[in-house]
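Written out below as structure tokens is the structure these notes cover.
The values are calculated or read from the model by the stated rules, or taken from the named source; none is laboratory data. Owing to the predicted nature of the structure, the values given are computational and were not obtained by experimental measurement. When we count neighbours, we look across all protein chains shown, and the Cβ atoms used for this are built from the backbone with ideal geometry, even at glycine.
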């Protein structure tokens, strides 16, 4: 078995975060990641789309975190952005938005599902996530920046959602939710913190390696793909 490839699938750059894509990518690569997903909130996108820095050993994936309180408008945003991004995330936080995201198979990840005194998930929503192959995103930034009762509450919500994910076989994606370079942690530090929060070692590892790769494999056509219905075949692939 080769060395695992780690990914951070929720990183925010200017104008959403404090640092440029190039700065975040350089640090993430230094820390040991194989790639990150630039996932600015939909209400804080850059005015123009620029080329994302990538090398053979490291890639920046084009993502977005949709912010919308109206389920009908959310579905419209999903349709608008789905074909133009590698990773489509919905920023949850209400029962109606969580449900709309988890019942839509075009969504890749639901982040921040908790609201009021609820972890944001229940048996019905967990089943919908599993049936529609929508991952639950667990970001560490809010946990790292909280103290006292708020941290206890965040930890309780995370563990409740972990239990539901295990029971209904819902995939998980573990990321930093970084708003600056100071929010990034190395893969080993993230794994250690995840275990403190209640993850099993194999769960945390899969949430940073296998699940991100599976999302990209699902959303990106193969190398021989030109457009829908057209594919280049290598010699020997004709029969």
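Residue 129 passes all but one of (1) part of a helix (DSSP H, G or I); (2) surrounded by fewer than 23 Cβ atoms within 10 Å (Cβ to Cβ); (3) touching a helix residue (DSSP H, G or I) at 6+ places or on another chain (Cβ under 8 Å); which number fails?
Of the numbered conditions (1) part of a helix (DSSP H, G or I); (2) surrounded by fewer than 23 Cβ atoms within 10 Å (Cβ to Cβ); (3) touching a helix residue (DSSP H, G or I) at 6+ places or on another chain (Cβ under 8 Å), the odd one out for residue 129 is (2).
Mind checking which residues of region 104-117 are without any contact (Cβ under 8 Å) to a residue 24 or more places away in the chain and either surrounded by fewer than 15 Cβ atoms within 10 Å (Cβ to Cβ) or not in a strand (DSSP E or B) (or both)?
116, 117
Scan region 1-54 for residues that are closer than 21 Å to residue 205 by Cα, free of Cβ contacts under 8 Å to residues at least 40 places away in the same chain, touching a strand residue (DSSP E or B) at 6+ places or on another chain (Cβ under 8 Å) and in a loop (DSSP other than H, G, I, E, B) and jot them down.
34
Restricting the first residue to region 81-103 and requiring it to be closer than 15 Å to residue 43 by Cβ, which pairs with a second residue that is surrounded by fewer than 22 Cβ atoms within 10 Å (Cβ to Cβ) and at pLDDT below 95 meet a Cβ separation below 6 Å and a spacing of at least six or different chains?
Hits for this filter: 93/115.
Give the residue that is nearest to residue 129 (Cα to Cα), with candidates limited to residues of region 83-103 that are in contact with a helix residue (DSSP H, G or I) (Cβ under 9 Å, 6 or more places away or on another chain) and in a helix (DSSP H, G or I).
102
Do you know which residues across region 172-195 are surrounded by fewer than 16 Cβ atoms within 10 Å (Cβ to Cβ), in contact with a helix residue (DSSP H, G or I) (Cβ under 7 Å, 6 or more places away or on another chain) and free of Cβ contacts under 8 Å to residues at least 40 places away in the same chain?
The answer is 195, and nothing else.
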